[in-house]
Amino acid sequence: MNTEPRIPDPDGFYAALLAAHEGRSEAQSADLNARLVLLLANQCTDQGVLLACIQAAAAAEDPTTTHAP
């Protein structure tokens, strides 16, 4: 799993991502994010890398967030 920045224009990418969410409800934004994750995962095609990314993202949760038991 590569964690080094590789996007040529990360600020432009982030701006485009924010623009895609403009005017959407929280539920619509969540749906957009889910679709985007699946499309990007399909580009990777390496299930091992995808599973490592899931684990890394889950481990990086905000420690101030509380979860109900």
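The values are calculated or read from the model by the stated rules, or taken from the named source; none is laboratory data. Not measured: the values here are computed from a predicted model. FYI the Cβ positions are ideal-geometry reconstructions off the backbone, even for glycines, and counts take in every protein chain you see.
So for the stretch 59-66 (the condition being in a helix (DSSP H, G or I) and either surrounded by 11 or more Cβ atoms within 10 Å (Cβ to Cβ) or modelled with pLDDT of 95 or more (or both)), does at least one residue qualify? Working first, answer last.
If we filter the stretch 59-66 for residues that are in a helix (DSSP H, G or I), which is where we start, we get 59.
Subset that is either surrounded by 11 or more Cβ atoms within 10 Å (Cβ to Cβ) or modelled with pLDDT of 95 or more (or both): none.
The answer is no; no qualifying residue exists.
With of a type in the set (A, V, I, L, M, F, W, C) and either in contact with a helix residue (DSSP H, G or I) (Cβ under 9 Å, 6 or more places away or on another chain) or part of a loop (DSSP other than H, G, I, E, B) (or both) as the only criterion, which of Leu51, Leu39, Leu18, Leu32 stands out? If you could, list the steps in order and put the result at the bottom.
Values: Leu51 fails: either in contact with a helix residue (DSSP H, G or I) (Cβ under 9 Å, 6 or more places away or on another chain) or part of a loop (DSSP other than H, G, I, E, B) (or both); Leu39 fails: either in contact with a helix residue (DSSP H, G or I) (Cβ under 9 Å, 6 or more places away or on another chain) or part of a loop (DSSP other than H, G, I, E, B) (or both); Leu18 fails: either in contact with a helix residue (DSSP H, G or I) (Cβ under 9 Å, 6 or more places away or on another chain) or part of a loop (DSSP other than H, G, I, E, B) (or both).
Sole residue among the options that is of a type in the set (A, V, I, L, M, F, W, C) and either in contact with a helix residue (DSSP H, G or I) (Cβ under 9 Å, 6 or more places away or on another chain) or part of a loop (DSSP other than H, G, I, E, B) (or both): Leu32.
For the stretch 15-48, give me each residue that is within 20 Å of Met1 (Cβ to Cβ) and either surrounded by fewer than 11 Cβ atoms within 10 Å (Cβ to Cβ) or among the aromatic types (Phe, Trp, Tyr) (or both).
Those that are within 20 Å of Met1 (Cβ to Cβ) and either surrounded by fewer than 11 Cβ atoms within 10 Å (Cβ to Cβ) or among the aromatic types (Phe, Trp, Tyr) (or both): Leu38, Leu39, Asn42, Gln43, Thr45, Gln47, Gly48.
Consider only pairs whose beta carbons are under 9 Å apart and that are at least six residues apart or on different chains; among these, list those whose first residue lies in the stretch 1-28 and is free of Cβ contacts under 8 Å to residues at least 60 places away in the same chain and farther than 23 Å from Gln55 by Cβ and whose second residue is surrounded by 10 or more Cβ atoms within 10 Å (Cβ to Cβ) and among the charged types (D, E, K, R).
Cβ pairs passing all conditions: Arg24/Asp31.
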